[in-house]
1. Which ranges mark the helices (runs of 4 or more DSSP H) fully within region B:21-96 that have 3 or more residues being open to solvent by less than 20 Å² (accessible area, probe 1.4 Å), modelled with pLDDT of 75 or more and of a type in the set (A, V, I, L, M, F, W, C)?
2. How many of the residues in region A:286-330 are in contact with a Gly (Cβ under 6 Å, 6 or more places away or on another chain) and among the aliphatic types (A, V, I, L, M)?
3. Would you confirm whether or not region A:612-630 contains a residue that is of a type outside the set (S, T, N, Q), touching a helix residue (DSSP H, G or I) at 6+ places or on another chain (Cβ under 9 Å) and assigned to a loop (DSSP other than H, G, I, E, B)?
4. Please specify each residue of region B:170-187 satisfying the condition of being hydrophobic (A, V, I, L, M, F, W, C) and either open to solvent by 40 Å² or more (accessible area, probe 1.4 Å) or not in a strand (DSSP E or B) (or both).
5. State whether the residues of region A:472-482 include one that is within 26 Å of the chain's Cα centre (by Cα), crowded, with 18+ Cβ neighbours inside 10 Å and not in a strand (DSSP E or B).
6. Go through region B:121-153 and give me each residue that's within 11 Å of B:I169 (Cα to Cα) and either over 18 Å from the mean Cα position of the chain (by Cα) or open to solvent by 10 Å² or more (accessible area, probe 1.4 Å) (or both).
7. May I ask you to list the residues in region A:586-601 that are modelled with pLDDT of 90 or more and among the hydrophobic types (A, V, I, L, M, F, W, C)?
Amino acid sequence: MNFRSNILVSLTLIFLIISLSYAKDQSLNIDKLSPEEIMMLDVETLMNIQVTSVSKKSEKLINTAAAIFVITADDIRRMGATSIPETLRVVPGLVVARIDASSWAVSSRGFNGRFANKLLVLVDGRTVYSPVFAGVNWDAQDTMISDIARIEVIRGPGAAMWGANAVNGVINIITKRASETVGSTLTVGSGNKDLSITEWRYGKKIDPDKYFRIYTKYTNRDDFIDANKNASSDAWQTIRGGFRMDWEFLSKDSVTFQGDVYDGQGGGTVTLFTENSLTSLIPDTFDSERDFGGGNLLGRWERTFDDESSFSLQLYYDRQERKTEVLESDVDTFDIDFQHQFDFGTRHEIIWGLGYRLINDRFDNTFHSSFDPDTDLLNLYSAFIQDKITFLDSRLGLILGAKIEHNDFTGFEFQPNLRLVYKHDDRHSLWSAISRAVRVPARSNNVQLVQRIVAAPGPLVFAVVGDSDFESEELTAYEIGYRTKISKTVSVDIATFYNDYNNLRTLELNFAARPPAPVPATPSVPAHVISPIFGDNKMDGETYGAECSTNIILNSWWRVQFNYTFLRMQLHLDNSSKDFLMNSEKAEGDSPQQQFSIRSSMDLIESIQFETILGYVDSLPNQNINNYLRLELRLAWSPSDSIEISFVGSNLLDNQHPEFTPELINTLRTETERSFYGQIKWQF
Amino acid sequence: MAILGRYTLGKFLIVLVFIFVVMPAKDVAAADKDVDIESEYKIKAAFLVNFVKYITFSSAKLTELDEIVIGVLGMDPFGSFIDTAVEKITVNGKKIKIRRFLNYKNIDQIHILWVSKSNHLQLNEINRFIESFQILTVSDLASYCERGGMVGLVNIEGKIRFIINEANIKKSGLRVSSRLLRLAEKIIE
């Protein structure tokens, strides 16, 4: 730890001491009352105590036959994260690496990358996995952070329920109902890297069953620097706004209507072969600006007949626009989804559903990046059913489920799973699962991305191209997990897995199979020869690992969480594979073998919270990235019920470190710096 | 710890020391043992105990008992909180005892039964079984009163309110005070 860190520590301590002496008492807080005192309250008083309904997660979790981790609204607030990916860093089994100021690599159980394509992400039931890039554009994902109700992370396949691309995990980001966000909240923050973040929400009760809210958010984040401390051009700015309305009728029906619009800018310094390179034979290096924008509208109707039966019907429209110097794309998605849940007899809980999705895309191609055809209409049909059968007084549950989908590239895909959960008692439960999931190709089958140009004797262009014979990547996953409450205050959740992958994507350079093709000159582009590096399925692999999360409630004001992740990835090219230029096999060195984090959450006194997160991430041998430790501290002080002042320090242990090297598009690697951030949150 | 370089390990230790230096700001002995129970269920437990005050039992078996017995059926959401909480208090001059049942068939002499959410598949069987007893049933299951229950707890804008099915209560021979009825969010007759 250097001099500056010492100053930071001292300042933190001084602030702590000062705030301790200023802290003021708060009104009736039932956590402060003794159990007997609570019992002595009369009915009228009880009826007026606001309870924080933090989801019945402990009750639910012990019954779940999957590796699930829930980040609650309270966790998010305590962590002081300013973006969604930052909140995910504490989740065991996930890898979260910031590539530069505006892009991220987030994956579950390996296969990390900026275009990590095996993790499905949904926001309030709307998929944000791009069917075009096969991955999530994290720069475009955000919302009012304090209005997130919870983030549920499922590691391992979720395909039997959520469909294709939920191969290694599913992240469900769920925002609060409008009835939980009545009133105004204004948050203003500033720091050395997160230059300015402002979010404002106003929520109102229209009548006893009808609520709405609107929000707007502006963020401005500074450029990151490279290893030599030169600033890149990756600054990230966004502006967004949205609304949500919730109606509830007769405690049977609820209707939600919500939407967002956003606009933003990211970027990076790129070194790419463009049409100029055809004559110069060297790549161009330039500051690339990335503009993105979009919006969505979602409607959902849920009807609960009683606890035994309910259905939901959801419709949404989503538009995503992205524009860089090398590619411009618009994607419109329309999706309709129906789910019905009912109990059959005393043993069966059945859920089934139907879905249809229409995706319309359009590209403005350039020499470097192009899609052929440049516009397309894709259909996705799906149906799923799941039956949970319980035995032994509901202590043993057998879950059988499967999803059938039809997509325009690979036709029908069948993704079944079989899960078993045994709850020994309220303290111990054991679960196991076998599942199949696929990652479907989508528009990557029609892509062409220039990688390299050499003189041979005319310009010879090596380009990654899709291939119509490219098939889905397949996974068979075996999982075993165990959850235990060792005592009232200590709980442990362990998940282990063995994943067997087939038909993984390779990028082949095989002159015999796909010979170089001459391209005649056009007015803007001279004649050249393209040698395709084409997509194929000539790789198998296996990954195995374990994740362990331990929660310890030391006392009423201090809890600690330890998370540990171990992952081994082994990839094997087929003998016939000629993937020697893109080194797909080396991707096993793109995900850290070990990670751990220690999180301490303290309510020093009622009005002061102190959060410490220490995280370790192993080295990435394929990218020359060393292991690193991250330390985050957050101190928050609420001088009154309506105001919270907080300070966050991130990456406090070093000046800067790289976390990930971007793939496919040659972008300058930038590094995460030590950063500080202060924020005032005002609720009125 | 081979996975950490020597330098990294040093940093790690410094941080640990730092955490433990900042830590002892409060008296550890004053720890609340029941923090793992959500505040929502603390309130619900208090409702349960409070209801005893407003219900008149006529069954001789029950009135002769020198304590009030509260049963918790199925997965227990209250944990040891409720046991600690009722240890030293009396209601109508009687001590309170908590009993837990995993199977509804074991239920016998109790005054109030908390029907946990885990029982939702067996609600009809449970209702039928306890018809022969005089028991006030309380639950936070959705539409509990519409499904044969007596008192249903509901969360309205983050506050706990209750719905009373007066017809079901009368059927079992219990009497509910008008004061409690006045406070109910809704009465089903």
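1. The qualifying helices (runs of 4 or more DSSP H) are B:39-51, B:79-86.
2. Summing the residues that are in contact with a Gly (Cβ under 6 Å, 6 or more places away or on another chain) and among the aliphatic types (A, V, I, L, M) in region A:286-330 gives 2.
3. Looking for residues that are of a type outside the set (S, T, N, Q), touching a helix residue (DSSP H, G or I) at 6+ places or on another chain (Cβ under 9 Å) and assigned to a loop (DSSP other than H, G, I, E, B), one finds none in region A:612-630, hence no.
4. Of everything in region B:170-187, those that are hydrophobic (A, V, I, L, M, F, W, C) and either open to solvent by 40 Å² or more (accessible area, probe 1.4 Å) or not in a strand (DSSP E or B) (or both) turn out to be B:L174, B:L180, B:L181, B:L183, B:A184, B:I187.
5. Yes, because at least one residue in region A:472-482 is within 26 Å of the chain's Cα centre (by Cα), crowded, with 18+ Cβ neighbours inside 10 Å and not in a strand (DSSP E or B).
6. Across region B:121-153, the qualifying residues are B:E131, B:Q134, B:G148, B:M150.
7. A:F596, A:I598
For (1) open to solvent by less than 30 Å² (accessible area, probe 1.4 Å); (2) within 20 Å of the chain's Cα centre (by Cα); (3) of a type outside the set (D, E, K, R), each residue gets a yes or a no:
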residue: A:N296; (1), (2), (3): yes, yes, yes
residue: A:L313; (1), (2), (3): no, no, yes
residue: A:K323; (1), (2), (3): no, no, no
residue: A:D332; (1), (2), (3): no, no, no
residue: A:D335; (1), (2), (3): yes, no, no
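The values are calculated or read from the model by the stated rules, or taken from the named source; none is laboratory data. It should be emphasised that the depicted structure is a prediction, and the values quoted were computed from it without experimental measurement. Glycine also receives a Cβ, built like all others from the backbone with ideal geometry; neighbour counts cover every protein chain displayed. Heads up: the accessible areas ignore ligands, DNA and RNA and are worked out on the full protein's heavy atoms, side chains in. Shrake-Rupley method; radii C 1.70, N 1.55, O 1.52, S 1.80 Å.
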